[in-house]
Amino acid sequence: MPSNKSVSDAPIVQFTNCRILRGHQLQREDLWVRDGKILNPEKLFFDEKGSADIQLDCKDSIIAPGFIDVQINGGFGVDFSVATDDFKSGIDLVSQKILSHGVTSFCPTLVTSPPSVYHQVLPQISIRNGGAHGAGILGAHLEGPFISKEKKGAHPEHCLRTFEADAFQDLLATYGSLDCVRIVTLAPEMKRSSEVIQELTKRGICVSLGHSVANLSQAEEAVQHGATFITHLFNAMLPFHHRDPGIVGLLTSDKIPAGRRVFYGMISDGIHTNPAALRIAHRAHPKGLVLVTDAIAGLGLAPGRHTLGQQVVEIDGLNTYIAGTKTLSGSVATMDTCVRHFQEATGCSVETALEAASLHPAQLLGIEHKKGTLNYDSDADFLMLNDGLCVQATYIAGKEVWRQDAFGM
């Protein structure tokens, strides 16, 4: 056969004996990869007259897009809301460790903090591709401080802020910079929030509604101004009420602008949301569900005392509380655990469970042309999983970055 060299020097890898998640279905076909991208085999055969340089037998594994975690506060002893001199080594550690749980891209999340913390930490977060060094960083998620005192959850009340007369400038002064920011969670009932939502949206930053006592009309107005996400649905918001369903009502609202979709995060750890609530949300609006871990520094560590930004938290089994209270404060769940629990709790298809952790977060961030699918020309960030949805291997840009048996797991 003619050489492939005329088109690219990069080797072509053919993954065989697998089921690929493509077009919302598991399809029994091979996956072709070159130069960090998913390759169209028809073009290879007919246009280039090429063939594979390397064939890998996947032994009937499922191949799915890499998971994307848009809300993770830290893990393995690292707290993204604590300013340290070695912050970069901390973020590197987390990005490396989450590969074994199938996460190939993430948004490091900061909970409500003093301005000095934002000013120190945000310049140390840089958007970067993933690789052998760890999962890619898509930009920061800033959860607060512009949130409701009544629904502050684990956020420290003394750091909460309202929007002053020049609201957007006030936000800029608080954060210091928006250069690496991808998502901002705020309470839409706050005065002047509409102008802030519009300004953030103009800059391509996703606005999420959360830690809020907003009624449905306030939530709908926020969406009309550009908000597209709900931070951990059901948690830290008014409970559903039949006469005014609050933010939860966005899932079935008829006031969403045409052509727009509202997404919502859910912590599917078996603690934060009753399985019945998970089923209700999923059945009401399946295409908007985004699985998030909301993991804290204690993820991967023994039970005991850890931090979440300015607060001390206690881990007791899978529960994490602000020390001395019963206020939930993030989770210690991994993304692969959340995917398995979601599938079990809802009885949804394997494809649906996997897309809630890959396609949907990519769509939320507007990167579905590159991430979250195995479509031709998209980034070759993918996982091999067994039928129980346990991660066997993680690939970024077509290269293996973690494998279960290689680590004696």
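The values are calculated or read from the model by the stated rules, or taken from the named source; none is laboratory data. Note that the structure is a prediction, hence the values are computed from the model and not measured. Glycine gets a Cβ as well: all are built from the backbone with ideal geometry, and neighbour counts include every protein chain shown. Heavy atoms of the whole protein, side chains included, go into the accessibility calculation; ligands, DNA and RNA do not. Shrake-Rupley method; radii C 1.70, N 1.55, O 1.52, S 1.80 Å.
Worth a mention:
- For the range 379-409, filtered to residues that are closer than 23 Å to residue 338 by Cβ and assigned to a loop (DSSP other than H, G, I, E, B), the residue that is modelled with the lowest pLDDT is 409.
- Which numbered condition residue 84 misses (of (1) within 30 Å of residue 163 (Cα to Cα); (2) in contact (Cβ under 8 Å) with a residue 12 or more places away in the chain; (3) part of a loop (DSSP other than H, G, I, E, B); (4) open to solvent by 50 Å² or more (accessible area, probe 1.4 Å)): (2)
- Filtered by the rule that a residue be open to solvent by 20 Å² or more (accessible area, probe 1.4 Å) and either within 17 Å of residue 311 (Cβ to Cβ) or outside any loop (DSSP other than H, G, I, E, B) (or both), the range 137-151 gives 149, 151.
- Residue match in the range 224-237 (condition: more than 24 Å from residue 348 (Cβ to Cβ), in the same structural domain as residue 151 (by the TED database), open to solvent by 30 Å² or more (accessible area, probe 1.4 Å) and not in a loop (DSSP other than H, G, I, E, B)): yes
- Answer residue from the range 288-323, given it is at positive phi and within 20 Å of the chain's Cα centre (by Cα) and is most open to solvent (accessible area, probe 1.4 Å) among those: 300
- Candidates 173, 165, 140: the one that is on the phi < 0 side of the Ramachandran plot and in contact with a Phe, Trp or Tyr (Cβ under 9 Å, 6 or more places away or on another chain) is 140.
- Some residue of the range 365-377 being modelled with pLDDT of 95 or more, touching a Pro at 6+ places or on another chain (Cβ under 8 Å) and more than 17 Å from residue 32 (Cβ to Cβ): yes
- Residue in the range 98-136 that is nearest to residue 379 (Cα to Cα), counting only those that are more than 18 Å from the chain's Cα centre (by Cα) and open to solvent by 60 Å² or more (accessible area, probe 1.4 Å): 132
- Condition check for residue 171: under 16 Å from residue 113 (Cβ atoms), assigned to a loop (DSSP other than H, G, I, E, B) and in contact (Cβ under 8 Å) with a residue 24 or more places away in the chain: no
- Matching residues, the range 324-349, being open to solvent by 30 Å² or more (accessible area, probe 1.4 Å) and not polar (S, T, N, Q): 324, 326, 328, 340, 341, 344, 347
- Search result, residues across the range 174-214 that are part of a helix (DSSP H, G or I), without any contact (Cβ under 8 Å) to a residue 40 or more places away in the chain and open to solvent by less than 10 Å² (accessible area, probe 1.4 Å): 197, 200
- The criterion of at least 2 residues that are open to solvent by 60 Å² or more (accessible area, probe 1.4 Å) is met, among strands (runs of 3 or more DSSP E) falling completely within the range 26-77, by 54-65.
- Residue 92 falls short on exactly one of the conditions (1) outside any loop (DSSP other than H, G, I, E, B); (2) crowded, with 17+ Cβ neighbours inside 10 Å; (3) in contact with a strand residue (DSSP E or B) (Cβ under 8 Å, 6 or more places away or on another chain), and that condition is (2).
- Flag for residue 325 being of a type outside the set (Asp, Glu) and within 30 Å of residue 156 (Cβ to Cβ): yes
- Of all residues in the range 109-132, those that are touching a Ser or Thr at 6+ places or on another chain (Cβ under 7 Å) and over 17 Å from residue 297 (Cα atoms) total 5.
- In the range 373-389, residue nearest to the chain's Cα centre (by Cα) [restricted to those that are closer than 17 Å to residue 349 by Cβ and open to solvent by 10 Å² or more (accessible area, probe 1.4 Å)]: 373
For (1) β-branched (Val, Ile, Thr); (2) modelled with pLDDT of 95 or more, each residue gets a yes or a no:
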position: 6; (1), (2): no, no
position: 12; (1), (2): yes, yes
position: 24; (1), (2): no, yes
position: 29; (1), (2): no, yes
position: 43; (1), (2): no, no
position: 65; (1), (2): no, yes
position: 73; (1), (2): no, yes
position: 77; (1), (2): no, yes
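- Of the residues making up the range 352-372, those that are buried (at least 20 other Cβ atoms within 10 Å of the Cβ) and either in contact with a His (Cβ under 6 Å, 6 or more places away or on another chain) or not in a helix (DSSP H, G or I) (or both) number 5.
- Any hit, the range 239-250, residues being among the aromatic types (Phe, Trp, Tyr), part of a loop (DSSP other than H, G, I, E, B) and assigned by the TED database to the domain that holds residue 90: yes
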